[in-house]
1. Taking into account only those residues within region 128-139 that are more than 17 Å from the chain's Cα centre (by Cα) and over 25 Å from Arg71 (Cα atoms), which is surrounded by the fewest Cβ atoms within 10 Å (Cβ to Cβ)?
2. Only one residue in Leu70, Leu21 is more than 18 Å from Pro108 (Cβ to Cβ) and either of a type in the set (Phe, Trp, Tyr) or modelled with pLDDT under 90 (or both). Which one?
3. Suppose we keep only residues that are in a loop (DSSP other than H, G, I, E, B) and at pLDDT 90 or above within region 92-116. Which one would you say is surrounded by the most Cβ atoms within 10 Å (Cβ to Cβ)?
4. Which residues, taken from region 36-66, are surrounded by fewer than 20 Cβ atoms within 10 Å (Cβ to Cβ) and touching a Lys or Arg at 6+ places or on another chain (Cβ under 8 Å)?
5. Of all residues in region 18-63, how many are closer than 13 Å to Phe129 by Cβ and outside any helix (DSSP H, G or I)?
6. Inspect all residues belonging to region 138-155 and state whether any of them is closer than 14 Å to Arg39 by Cα and modelled with pLDDT of 80 or more.
7. Of the residues Leu89, Leu85, Leu125, which is in a helix (DSSP H, G or I), surrounded by 15 or more Cβ atoms within 10 Å (Cβ to Cβ) and without any contact (Cβ under 8 Å) to a residue 40 or more places away in the chain?
8. Does region 117-125 contain any residue that is more than 14 Å from the chain's Cα centre (by Cα), at pLDDT 85 or above and under 25 Å from Thr36 (Cβ atoms)?
Amino acid sequence: MRITVTIDQPSGDFQKKLLDLLAEYAAEVELDTAWTVERAEAYYRALPARARRIVKEAAIRDGYVSADDLRDDENSSLRGHSGSLSRTLQRGVMRGTWPETMRAPIEPQGPGFGKVVGYRMPDDLVEPFFTAIARTEKAGRVDPNNINDAADSVHRLGDTLNSPIPQKRTAKN
């Protein structure tokens with residue numbers, strides 16, 4: 001027997017209780033972790049402008065955008081962009097827009113530490129995100145009051161204030 005339950009925007013507490021109940025009686029509980037056009041649209045709308053550009057460029061370029069294509073000039077930094085992408089994913093989990101096990105729709109590409117060389121979107125997500133972005137842009141301005149940018153700035157400030165302060169090294173005599 002297969003039962004499908006769809007609950008739009010459940011609170012975190014309700015979702016936990018429901019999953020606990022299902023786990024008690026079901027041999028296997030499977031969460032819907034697929035990126036639909038609706039989820040992609042919610043994610044895209046929740047991103048700050050700079051991060052929206054990364055997602056949009058990756059979607060219109062068949063899943064990959066190089067860092068050089070995103071920089072306004074050769075000295076521009078993309079620092080902080082990845083944080084916005086992951087924070088938006090986490091905010092969606094907290095709001096109950098998607099489950100905690102949703103995979104990131106786009107990932108930075110690079111050698112590790114230092115500058116990223118680009119961003120990749122999995123091939124199966126290009127079409128839903130492309131459609132979501134087209135829908136969103138057809139509907140008008142995504143964030144007319146720059147709320148997403150302000151929220152992201154507050155998160156960046158919090159990250160900065162909560163990060164450990166590097167200790168100054170002194171020469172040993």
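The values are calculated or read from the model by the stated rules, or taken from the named source; none is laboratory data. Just so you know, these numbers come straight off a predicted model, no measurement behind them. Backbone-built Cβ (ideal geometry, glycine too); neighbour counts: all protein chains shown.
1. In this case the residue turns out to be Lys138.
2. Details: Leu70 fails: more than 18 Å from Pro108 (Cβ to Cβ).
Just one listed residue meets the conditions, Leu21.
3. Taking region 92-116 first, the residues in a loop (DSSP other than H, G, I, E, B) are 96-106, 110-116.
Retained after the next criterion (residues that are at pLDDT 90 or above): 102-106.
On the way: Met102: 19, Arg103: 11, Ala104: 15, Pro105: 22, Ile106: 26.
For region 92-116, the residue satisfying everything is Ile106.
4. Answer for region 36-66, where residues must be surrounded by fewer than 20 Cβ atoms within 10 Å (Cβ to Cβ) and touching a Lys or Arg at 6+ places or on another chain (Cβ under 8 Å): Val37, Gly63, Tyr64.
5. 7
6. At the first step, the residues of region 138-155 found to be closer than 14 Å to Arg39 by Cα are none.
No, because not a single residue in region 138-155 is closer than 14 Å to Arg39 by Cα and modelled with pLDDT of 80 or more.
7. On the way: Leu89 fails: without any contact (Cβ under 8 Å) to a residue 40 or more places away in the chain; Leu125 fails: without any contact (Cβ under 8 Å) to a residue 40 or more places away in the chain.
Checking each option against the conditions leaves just Leu85.
8. Start the filter on region 117-125 by keeping residues that are more than 14 Å from the chain's Cα centre (by Cα), which leaves 117-118, 123-124.
Among the residues that remain, those that are also at pLDDT 85 or above are: 117-118, 123-124.
From what's left, under 25 Å from Thr36 (Cβ atoms): 123-124.
Checked against the condition, which is being more than 14 Å from the chain's Cα centre (by Cα), at pLDDT 85 or above and under 25 Å from Thr36 (Cβ atoms), region 117-125 yields at least one hit.
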